[in-house]
Amino acid sequence: MKRTTCGFDANGVRISGGTEEIAVACTNGGFAWVDVSDADAAGMIELGNELGLHPLSVEDATASRLKPKVQWFEQHLFIVMWEIGNAFSPDEPRITETFIFARPGLLVTVQRGTGRQERVDLSSVLDNAPTGLRGGVMSGVHAIVANIIDGYIVAASLNESELEELEEQVFDETIRDDPQRIYRLRKRIGKVTRAVSTLSIAFSNNKGRLDELTGGNRDLEPYVQDLIDDLAGVSQLGADQESALESVIATHENAIASEQGVDSRKISAIAAMLAIPAVISGLYGMNFQNLPGTNLAYGWVGITVVIILIEAWAYIRLRNRGWL
């Protein structure tokens with residue numbers, strides 16, 4: 001387990017000193033930041049005991065693929081988020097789970113990724129936080145959460161663009177059908193929706209307590225509300241995309257069924273037209289006596305003309321009915 005510790009003063013400036021300097025900053029409006037990667041159960045238990053983190057939150061930070069949530073313990077705030085976004089793969093969405101522990105004076109982050117996705121450099125995220133947000137642990141929470149939400153927005157925008165292409169192409173006969181593309185898009189939309197749906201509700205329900213964590217810094221409150229609004233917007237967009245994609249799939253299936261119906265009618269019509277000369281030829285091929293025209297020198301010409309006339313009549317009727 002890798003662990004990095006540093007501090008930020010009340011102005012959001014990184015503290016380069018040692019433990020004593022970080023401790024002084026924490027008592028003057030700043031906060032200590034502990035970043036953990038490649039977390040293991042034993043290491044997280046030791047860290048939790050050292051920093052006073054609730055055992056249930058420590059256990060969650062080592063569990064596999066938790067649903068995103070916001071949870072309050074007596075000791076601290078605990079947030080679980082799925083990080084997608086800029087590393088969002090067009091073929092396979094890969095997720096980095098980010099766990100955030102926060103209380104006045106302390107911010108702990110734990111990242112655990114799956115697949116080959118690169119993890120976001122949270123150090124750069126905190127260093128580049130807007131000046132107006134620097135000061136207090138809630139500013140650090142906002143910077144990290146806002147960065148992850150930006151990733152959701154990027155992913156949702158990519159999904160929206162591809163969805164629009166599918167909607168335009170569903171009736172384009174010049175483009176070959178690609179069912180796998182449709183279901184890959186459904187998978188990606190589902191990832192984003194599951195990442196934001198519960199968070200949107202949780203952040204909204206806990207706005208009051210999040211405001212308390214700002215330490216009375218009213219300048220931060222609009223930014224907290226902005227997080228809630230962004231989550232609600234992405235959540236609604238994801239729901240709308242799922243609905244639109246279901247419509248695309250239904251339309252695609254109906255178009256295929258309609259094409260198959262047209263093909264079936266054409267095949268039936270051609271078979272009916274081929275049956276006319278086949279039946280007449282079969283009757284005359286049985287060499288019955290007294291068949292019409294068999295005693296005439298040019299009887300075969302008359303039979304041929306009759307076949308052509310019947311074929312023409314059948315063609316016109318089938319054409320008028322839209323079968324040919």
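Note on the range 262-320: Cα Rg divided by 2.2 N^0.38 Å, N the number of residues, gives 1.34.
One chain, two ends: A275 and R218. Fully extended at 0.36 nm per residue, the span grows by 11.9 nm beyond their Cα-Cα distance. When the alpha carbon coordinates of the range 242-285 are projected onto the principal axes, the ranges are 63, 8, 5 Å, largest first.
Pull out the extension gain between R194 and S243, defined as 0.36 nm times the separation in residues minus the alpha carbon to alpha carbon distance; nm, one decimal.
The span from R194 to S243 would gain 16.2 nm if fully extended.
With helices as the sole contributors, the chain gives -20000 deg cm²/dmol at 222 nm; each DSSP H run of n ≥ 4 counts as -39500 (n - 2.57), and the sum is divided by every residue. Here the gap between V306 and D38, fully extended at 0.36 nm per residue and compared with their Cα-Cα distance, gives a gain of 87.9 nm. For the chain, the convex hull spanned by the alpha carbon atoms encloses 186 Å³ per residue.
Every number in this text was worked out from the coordinates using simple rules, so none of it is lab data. Computed from a predicted structure; not experimentally measured.
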